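Below: the structure, in structure tokens.
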Amino acid sequence: MRRPRAVVICYPSRDRQGAGASLFRAKGLASMLVDRYRQLLTAYVDGELSSRQRRHVARLLHRSPEARQLLRQLQADSHVLRQLPRPPLPSDLTSPVLRSIAERRLAPGQRRLAQTAAATAWMGPLASWATAAAVLFLLGVASYLYFAASLEPEVKTEMAQQQPGPSVADLHPKEQGTTPAKDDKTQMASRDQPAAKIDRPSAVNPPKVVTHRGDGSKPNAPDKPPSPPKDETALTDRLEMFPLKRVPDLLPVVVKVSDLDGESVRQQFIAELGKDSGFRLELPCTNGAKAFDRVQKAARTLHIGLIIDKQAQERIKLKWRVNYVLYVEDVTPEELTRLLRQIAAEDRKSAAGKPAEAQIDRLVLARMTARHRKELSVLLGVDPAIPIPSAAGPLGADPRKSLADATARQVGQALSGQGVTLRPESGKPPEHIALVLAYNLVRPSPGSDEIKHFLEGRKPVRAGTLRALLVLRGGG
Amino acid sequence: MSADDQRLIAECLQGDTAAFGVLVRRYQERLYHSVYRLVENAEDAQDVVQEAFLNAYQSLDGFKGDALFFTWLYRIAVNTAISLKRKHRAMARLETRKNGEHTIEPPDPSASSRPEYALEQSEQGTRIRQALSRLSPEHRAVLVMKDMEGQKYETMAEILQVPIGTIRSRLHRARLELRELLEQSEQEG
């Protein structure tokens, strides 16, 4: 038995027509056919179908009474439109048109010219403004060059004399007729004053280009002791430039974590950690959840307690391949290095015989910049750089809070499974507490119970220790 | 383009306005019919046609003769009519909001705009005129061009300066929208 090939009748829910056809969805015959068939029917009424499409319409009409009815209606509408009377022109327009041409003095091509003029009309004011701006700019440049060139060294000296700080006599004793012996004393005295570090051009001799050197020595003053390098002003022939300053080397360091087992690399790494009090470590891994598993094991081995934020707990439980962050304070460079080495060791253990399971390879060590601190503030809800108020009493209890409150909170956290603190296997209290968060800067969870718990348990940092933000970059 | 049209245009460009008068006389009736169905008002239709001729005269040197002169003229007229209808629709919307009532564009009361034809007087004719007047200017234009002028998709695309696919879809929507409006009108009546 042959089955019908085309399904003609359809429901409005299958209608994929655009928003402009919303009128037809509510009711009416048109809404009962899919849009493709309706397009065929309207094009059929227009007489703009190919022979193949016409055959398709014929089949459609043969099978669907709705299509037949809609086509009849569309054809009737078109017929009525065609039959609408053609209203006669009330009056001949020839004379009015020619009169208008004469009165308005129109000419062929005038409209195009007018359009061009309209299109470029906006350029007039713009050109005026541009010209005015250019003239002002040139005047400014010319004035600057004129005054810069015409300003005599004497005037500059007078200006320098009017400025507060050491006098010109202090700066140029020879020119004021002082003796050489007194000269040296004056020079030494002037060097002792902070403002005297600024070199100024001589009032008599033409100014020379002074090149700043890293060692602070000056090529034209071999007898003079080298001046301190910082806050030195660089002088060009005419213009006084901003003082050059040394900036700390903030370039990150890339280290293969397993190389930390080597003595020399380890010592270099520890030395690097000793250069600052805050670091951000980026640990790229293929699976954040698996990498965190290594961190957990390493922390347990090294007696580091982990406070895991609820959001992070959920992700770990579901083994989500997301990024995690571990924040720890008051650790020495050696302790942090030991943790990293242990993480690498746990990774090797977990990936033994399965190289694809290895998560830890290299890490990027960078000093904690203002941007990193801001990032940390977003995650924690507070700036950890702010000193901890010494509210806790001698026994570590906060006298501002009742013991009942603290106990109730801890019991509640224990019952709800929050605030997981992993105790080391030995049962000893943890040497350090680290906070684990999901690394989600878009939807952070500052102010969570776990973060509060961590922040409340913070202690004033010891000298020589640092804070570290370890990012496990293992998002899928 | 016919050779006669070409000759007349050349004369116009040489400054002979009388030659343009011949072109006006030749095409004004046909142009008026189409424009009248677009604006549904005799006075507006006359104004649109007159303005279209004046615009055409001023742009005559830009006419390259690639298409029929009437097609070119018709394009100018249709665009002028659509612009006029858009303005009217905007004003009608403002009035509707002001009064808080739904208003349909009122039929032109002037006698000249209501030719005494039997179909025009019939219920069916009145209904379709009202439905047509409620269509958007773009939809109305394609229906008038197709059903009343008998233009092909290709010519319509050239006149409206849109792709043929746009003409096809506009006509499709216009026909279905007209059908829906007529069904509503039948149910209300």
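No lab work stands behind these numbers, since they all come straight from the coordinates. These figures come from a predicted structure and were not determined experimentally. Backbone-built Cβ (ideal geometry, glycine too); neighbour counts: all protein chains shown.
Things to note:
- Links that overshoot a 21 Å alpha carbon limit, given the list A:K290/A:K310; A:K290/A:K354; A:K256/A:K354; B:K85/B:K152; A:K256/A:K319; A:K290/A:K459: B:K85/B:K152; A:K256/A:K319; A:K290/A:K459
- Calculated from backbone phi, Karplus (6.51, -1.76, 1.60) coupling profile of the stretch B:65-80 in Hz, x at Gly/Pro: x, 6, 10, 5, 4, 5, 4, 5, 5, 5, 4, 4, 5, 5, 5, 5
- ³J(HN,Hα) computed for each position of the stretch B:160-167 - Karplus, 6.51 cos²θ - 1.76 cosθ + 1.60, integer Hz, glycine/proline x: 8, 6, 10, x, 4, x, 5, 4
- Separation in nanometres of the label points that stand 7 Å from Cα toward Cβ, at A:S51 and A:E334: 9.6 nm
- In terms of other Cβ atoms within 10 Å, B:R175, B:R140 run from fewest to most in the order B:R140, B:R175.
- Listing A:W320, A:W129, B:W72 from fewest to most neighbouring C-beta atoms within 10 Å gives A:W129, A:W320, B:W72.
- For A:V461, the amide hydrogen comes within under 5 Å of no other amide hydrogen, counting only partners 5 or more places away or on other chains and with H modelled in the peptide plane.
- Prolate is the label for the stretch A:335-386, because the ratio a/c of its alpha-carbon gyration tensor axes (a ≥ b ≥ c) is 1.5 or higher and a/b is greater than b/c.
- In nm, spacing of pseudo-spin labels at A:R36 and A:S95 (7 Å Cα→C-beta vector): 6.1 nm
- Karplus (6.51, -1.76, 1.60) ³J(HN,Hα), θ = phi - 60°, over the stretch B:21-35, in Hz, Gly and Pro reported as x: x, 5, 5, 4, 4, 6, 10, 5, 5, 5, 5, 5, 4, 5, 5
- Local electrostatic count, B:F70, Cβ distance below 11 Å [Lys/Arg +1, Asp/Glu -1]: +1
- Amide hydrogen neighbours beyond the local backbone of A:D330, cut-off 5 Å, H modeled: A:L466, A:R467
- Net charge of neighbours whose Cβ lies under 15 Å from the Cβ of B:E11, counting Lys and Arg as +1 and Asp and Glu as -1: -1
- Positive minus negative residues near A:L260 (Lys, Arg vs Asp, Glu; Cβ under 14 Å): -3
- Amide proton proximity set for A:A434, modelled H, under 5 Å, gap of 5+: A:G305, A:L306, A:I307
- Considering only A:W320, A:V331, A:I308, and ranking their Cα positions along the charge dipole of the stretch A:303-348 that arises from unit charges at the beta-carbon of Lys, Arg, Asp and Glu, the one farthest toward the positive end is A:W320.
- Label sites at A:R246 and B:Q184, each approximated as a point 7 angstrom past Cα along Cα to Cβ, lie 8.2 nm apart.
- Separation between Cα centres of the stretch A:32-59 and the stretch B:67-84, rounded to whole Å: 30 Å
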